[in-house]
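Before any comments, here is the structure.
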Amino acid sequence: MEYYNYIKSFHLIFVVTWFAGLFYIPRLFVYQIEAHYKPSPDKEILGKQLQIMAKRLWYIITWPSAILCTIFAVWLMILQPFWLQQPWMHVKLTFVVLLFVYHLKTHQYFKQLQNGIVNKTSSFMRIWNEGATFILFAVVFLVILKSAINWVWGVVGIVVLGVLIMLGFKVYKNIRSKNPDA
């Protein structure tokens, strides 16, 4: 079982790269949506470049990382099945399911924007961008504390973080409305 830590390391590496993709892709969506409303030729030039960037991020980094992260996680569970008997692991796996739901919904937005369909505002995408952050906080607290009860304090922290992010978003929106180049 000396290779357990190597498998765990690969799992964590792909968790990090998966989240990196999930953190950045909605930001690209914000730029794509904003480019959609620019006059020609900016709209076409920016739109095409942002679509290429999003496609490469999504298919070269984010999806492969999600798949590899999952493969290494399953491998870890096969090597250490007792983790599945832990209540905190059940809660963690619930958040992992939510992460996949978030990922699949983000994929839907990706496909729409790749086809030039703009159904959401850039403000919506700025808020959507925080979804992965909330899941990450919950999972990290669960894994570190290994308690199905103590993670509640982590969730309280997530709520506080959410409130702070929303306040920051409002302040940023006010600054942008006064100075569109900010």
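Bear in mind that the values in this text are calculations on the coordinates, not laboratory data. Everything numeric in this text was worked out from a predicted model, so none of it was measured. Glycine also receives a Cβ, built like all others from the backbone with ideal geometry; neighbour counts cover every protein chain displayed.
Listed values, structure above:
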quantity	calculated
Set 105/146; 38/111; 48/111; 38/120; 55/178; 111/170 screened for pairs whose C-alpha atoms are more than 26 Å apart	105/146; 55/178; 111/170
The range 76-179 - Kirkwood radius from inverse mean 1/r over Cα pairs (Å)	15.9 Å
Protection-proxy order for peptides 39-47, 94-102, each taking the mean of Cβ atoms within 10 Å per residue, highest first	94-102, 39-47
Full-extension gain in nm, residue 8 to residue 48, via 0.36 nm per residue minus C-alpha separation	10.6 nm
³J(HN,Hα), Karplus 6.51/-1.76/1.60, whole Hz, each residue of the range 18-34, x for Gly, Pro	4, 5, 4, x, 5, 6, 8, 4, x, 5, 5, 4, 4, 5, 5, 5, 5
Residue 94/residue 144 FRET efficiency (R0 22 Å; Cβ-Cβ; nearest 0.05)	0.80
Helix 151-178 vs. the chain, principal-axis angle (Cα, 0 to 90°, nearest 10)	10 degrees
Segments 59-65, 132-138 sorted - mean Cβ within 10 Å per residue, highest first	132-138, 59-65
Sum of -39500 (n - 2.57) over DSSP H runs of 4+, divided by residues of the chain (222 nm, nearest 500)	-27000 deg cm²/dmol
Cα-based equivalent ellipsoid of the chain: semi-axis lengths in Å, sorted from largest, via gyration tensor	35, 21, 11
Extension gain from residue 75 to residue 117, taking 0.36 nm per residue of separation minus the Cα-Cα distance	11.2 nm
Contact order normalised by residue count of the chain, Cα under 8 Å, 6+ apart, percent	28 percent
Listed peptides 5-12, 167-174, 19-26 by packing density, highest first (mean Cβ within 10 Å)	19-26, 5-12, 167-174
